[in-house]
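Chemist: Handing you this structure, nothing more for now.
The values are calculated or read from the model by the stated rules, or taken from the named source; none is laboratory data. Here the structure is a predicted model, which means the values were calculated and not measured. Don't worry about glycine lacking a Cβ; one is built from the backbone with ideal geometry, like all the others, and counts go over all protein chains shown. Quick note on the areas: whole protein, heavy atoms, side chains included, nothing else; ligands and nucleic acids left out. Shrake-Rupley method; radii C 1.70, N 1.55, O 1.52, S 1.80 Å.
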Amino acid sequence: MTKLRLRSALTLLAVATVSVVPAIAAGHVVPAHSAAATVVQTDTLKGYGKVVAASNGHVLYLSDSDPKNRSRCSAACQKVWKPYLAPGGVTAKARSGLNAKLLGTIKLTGGRVQATYNGHPLYEYAKDRRAGQMNGQALYQFGGDWYLVGPKGKAITCQPGLICGY
């Protein structure tokens, strides 16, 4: 290849790269810092007191089978126990009574990011259809017990009507 042809080919490649890369970036790549943080808050449930909840008011659960900062809930489990995702990080609603230092995230298989509280991965229960429902409380499924999460980051294991102290 002559120097002129090589120079022309390199120039054409450079122009094509400059033209295509911004188009790809504008249409398909979302910078990680642009995603809004996922919000957690508290909700007060009769018989249980304050519990950790999603920004839509749905209560959040933990599984006692999850090790600290790790989820054991796989594909079949995730259809019932939906990971509370936090692609842009996680933050506590102001004056919610939650300790921001206990908030965190873990990376799931496939790259999704799940919110954690006190090292517990957080989940929504598929059968909780509206805010305030707690149909998943104290269920044994997928090798573990599932509980509401208290503002101190511990499982709420007591039954309604008892003084829980969470």
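Chemist: Considering only the other residues whose Cβ falls under 14 Å of the Cβ of Val40, what net charge follows from Lys and Arg at +1 and Asp and Glu at -1?
Modeler: Numbers: positive: Lys50, Lys93, Arg95, Lys101, Lys152; negative: Asp43, Glu124.
Every neighbour counted, the sum reads +3.
Chemist: Still on this structure, please answer the following. Could you check how much of the accessible area of region 54-98 is carbon and sulfur, as a whole percent, using a 1.4 Å probe? Show your work: numbers first, answer last.
Modeler: Values: 1120 of 2330 Å².
Carbon and sulfur together cover 48 percent of it.
Chemist: Using the C-alpha atoms of region 47-166, what convex hull volume per residue, in cubic angstrom, is computed?
Modeler: Cα-based convex hull of region 47-166, divided per residue, equals 98 Å³.
Chemist: While we're looking at this one, here's another question. Report the full-extension gain for the segment Ala37 to Ala138: residue separation times 0.36 nm, less the Cα-Cα distance, to one decimal in nm. Please list the in-between numbers first.
Modeler: Details: separation 101, 0.36 × 101 = 36.36 nm, distance 2.90 nm.
So the extension gain works out to 33.5 nm.
Chemist: Take the alpha carbon atoms of region 44-91, find their radius of gyration, then divide it by 2.2 N^0.38 Å using N residues; give the quotient.
Modeler: Here the Cα radius of gyration is 1.30 times the empirical estimate.
Chemist: In the structure shown, do any of Lys68/Lys107; Lys93/Lys127; Lys68/Lys101; Lys93/Lys154 have a Cα-Cα gap over 22 Å, and if so which? All intermediate terms of the calculation are to be shown ahead of the outcome.
Modeler: Working: Lys68/Lys107 13 Å; Lys93/Lys127 25 Å; Lys68/Lys101 15 Å; Lys93/Lys154 19 Å.
Distance filter (> 22 Å) returns Lys93/Lys127.
Chemist: What do you reckon, how do Arg112, Arg130, Arg95, Arg70 stack up by accessible area (1.4 Å probe), largest on top?
Modeler: The ordering from most to least exposed comes out as Arg95, Arg130, Arg70, Arg112.
Chemist: Same structure, new question: In region 106-152, what percent of the accessible surface is made up of carbon and sulfur (1.4 Å probe, ligands and nucleic acids excluded)?
Modeler: 48
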